[in-house]
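Engineer: Shown below is the structure under consideration.
Bear in mind these aren't lab numbers, they're just calculated from the coordinates by the rules spelled out. Computed from a predicted model, the values in this text were never measured in an experiment. Neighbour counts run over all protein chains shown; Cβ positions are idealised from the backbone, glycine included.
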Amino acid sequence: MIGAMKSGTSSLHYYLDQHPKISMSTIKEPNYFSKFRTPFHKNISWYKSLFEEGDFVKGESSTAYTKYPHISGVPRRIFRKCPDAKFIYLLRHPIDRTVSHIIHDMLEGLAPQLNFVDGLIRQKENNIYVDCSRYMMQIDQYLNYFPKDRFLLVSHFDLKTNPALVVNQVQEFLGIEGDLNSEVFHQKKNVSGERTIIEDRALYKLTLKQEKRGEIPIGTAEKLRKPFVAPGITEVAAVDLMDDLKPDIERLYEFAGRDFDWTV
């Protein structure tokens, strides 16, 4: 299981899937335990079918598993089906992660297009963008079911700058051995090219359905996307957000036994 949204899960999922003793799910984010999106009604046989058969360590990367309280009950569901589960939690600087999460939703037409994200984080209570950056709050939900030694906390910066080191950490955590070709680490996953935004999500989804039914040419929906300039965050808003997250970050440092070079 791999952690926070917009923290490098696509890259780590890919690296681990190249490992000779690891089978990562064919759907990167099956969301089986989140009851989120469509797969929740699938049975355990469907979930098992996402992995190679054999003596592999099996893993998946549903970031919806760390979106409490907006998606709840995940640790309990995991414990019922996979009581021996281990968790790799990828952590990115909270400001960068929050802004990237907002940009992701803007691109998908789920948040208004803005020059600055300040307004979307001003209200801290019940705010999914902020709550997903409360890393210790997310971990707390799992500690009700799993012991501390089931968690490996990984720095997004380390994954970006030294992926081989991170994979070695994961191997040690999982108790497995094996070598990866160094060329694997030159493959960048989920890297954005020229960004475009969905301005009318309902129309975009309708057009995709029409394409699928063969009623209109393939590519029509893509023409509905418009050029996008990523918004920023003001220094005032960034400082305010970090002040709000400070208690959670301090608890995270204590849990991890180290800090992650974030300004608190």
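Engineer: How do VAL184, VAL236, VAL166 line up, fewest other C-beta atoms within 10 Å first?
Structural biologist: Fewest to most other Cβ atoms nearby, the residues stand as VAL236, VAL184, VAL166.
Engineer: Now, a different point. Can you compute the charge dipole magnitude of the stretch 55-112 about its Cα centre, using +1 on each Lys and Arg Cβ and -1 on each Asp and Glu Cβ, nothing else charged? Give it in debye, rounded to the nearest 20.
Structural biologist: Using Cβ point charges on Lys, Arg, Asp and Glu, the stretch 55-112 gives about 320 debye.
Engineer: Arrange SER23, SER34 by Cβ neighbour counts within 10 Å, fewest through most, would you?
Structural biologist: Sorted ascending by nearby Cβ count, the order is SER23, SER34.
Engineer: Grab the other residues whose beta carbon is less than 12 angstrom from that of TYR253, score K and R as +1, D and E as -1, and report the net.
Structural biologist: -2
Engineer: Take the cross-link list LYS21/LYS86; LYS35/LYS246; LYS35/LYS58 and give me the ones stretching past 25 Å between alpha-carbons.
Structural biologist: Beyond 25 Å between Cα atoms: LYS35/LYS246.
Engineer: Sticking with this one: Hey, if you put +1 on the Cβ of every Lys and Arg and -1 on every Asp and Glu Cβ in the chain, which of GLY109, ILE218, LEU50 ends up farthest toward the positive end of that dipole?
Structural biologist: With unit charges placed on the Cβ atoms, the residue in question is ILE218.
Engineer: Among VAL154, HIS93, CYS82, pick out the residue whose Cα is farthest towards the positive end of the charge dipole of the stretch 1-157, where Lys and Arg carry +1 and Asp and Glu carry -1 on C-beta, about the Cα centre.
Structural biologist: So the residue furthest toward the plus end is CYS82.
Engineer: May I pose another question? Placing unit charges on C-beta atoms (Lys and Arg positive, Asp and Glu negative, everything else neutral), compute the dipole magnitude of the chain about its Cα centre in debye, rounded to 20.
Structural biologist: Using only the charged Cβ atoms, the result is roughly 1060 debye.
Engineer: Would you mind computing Rg(Cα) / (2.2 N^0.38 Å) for the stretch 200-243, counting N as its residues?
Structural biologist: The value comes to 1.95.
Engineer: Sort the following peptides by mean Cβ neighbour count (other Cβ atoms within 10 Å, averaged over residues), highest first: 57-70, 241-254, 203-216.
Structural biologist: 57-70, 241-254, 203-216
Engineer: Another question about this same structure. State to the nearest 20 debye the size of the charge dipole of the stretch 103-147 about its Cα centre, where the only charges are +1 on K and R beta carbons and -1 on D and E beta carbons.
Structural biologist: 100 debye
Engineer: Give me the percent relative contact order of the chain, please, defined on Cα pairs under 8 angstrom at least 6 residues apart.
Structural biologist: For the chain, the relative contact order is 24 percent.
Engineer: List the residues whose amide H sits under 5 Å from the amide H of VAL154, counting only those 5 or more places along or on another chain, with H placed 1.01 Å from N in the peptide plane.
Structural biologist: TYR89, LEU90, LEU91
Engineer: Follow-up question, since we're still on this one. What list of ³J(HN,Hα) couplings, whole Hz, do you get for the stretch 22-30 from phi and the Karplus terms 6.51, -1.76, 1.60, once you set θ to phi - 60° and write x for glycine and proline?
Structural biologist: Computed from phi, the couplings for the stretch 22-30 are 10, 10, 8, 4, 5, 9, 4, 10, x Hz.
Engineer: So what's the net charge close to MET242: Lys and Arg +1, Asp and Glu -1, counting the other residues with Cβ under 11 Å from its Cβ?
Structural biologist: Residues close to MET242 contribute a combined charge of -4.
Engineer: May I pose another question? Rank these for me by crowding, SER25, SER7, SER100, SER72, going from fewest to most other beta carbons within 10 Å.
Structural biologist: SER72, SER100, SER25, SER7
Engineer: Enumerate the calculated ³J(HN,Hα) couplings along the stretch 68-73 in order (Karplus 6.51 cos²θ - 1.76 cosθ + 1.60, θ = phi - 60°), each rounded to whole Hz, writing x wherever the residue is Gly or Pro.
Structural biologist: Coupling constants for the stretch 68-73: 5, x, 6, 10, 10, x Hz.
Engineer: Return the long-range amide H neighbours of GLY59 (sequence gap of 5 or more, or a different chain), with a cut-off of under 5 Å between placed amide H atoms.
Structural biologist: Under 5 Å from the amide H of GLY59 lie the amide H atoms of SER23, MET24, SER25, each far enough along the sequence or on another chain.
Engineer: What list of ³J(HN,Hα) couplings, whole Hz, do you get for the stretch 168-178 from phi and the Karplus terms 6.51, -1.76, 1.60, once you set θ to phi - 60° and write x for glycine and proline?
Structural biologist: 5, 4, 5, 4, 4, 4, 8, x, 10, 10, x
Engineer: Follow-up question, since we're still on this one. Need one number: % antiparallel among DSSP beta bridges in the chain, to the nearest 5.
Structural biologist: If I count the DSSP bridges inside the chain, around 25 percent turn out antiparallel.
Engineer: Each label point is 7 Å from the Cα along the Cα-to-Cβ direction; what then is the distance between the points at ASN115 and ASP200, in nm?
Structural biologist: For the pair ASN115/ASP200, the computed spacing is 2.6 nm.
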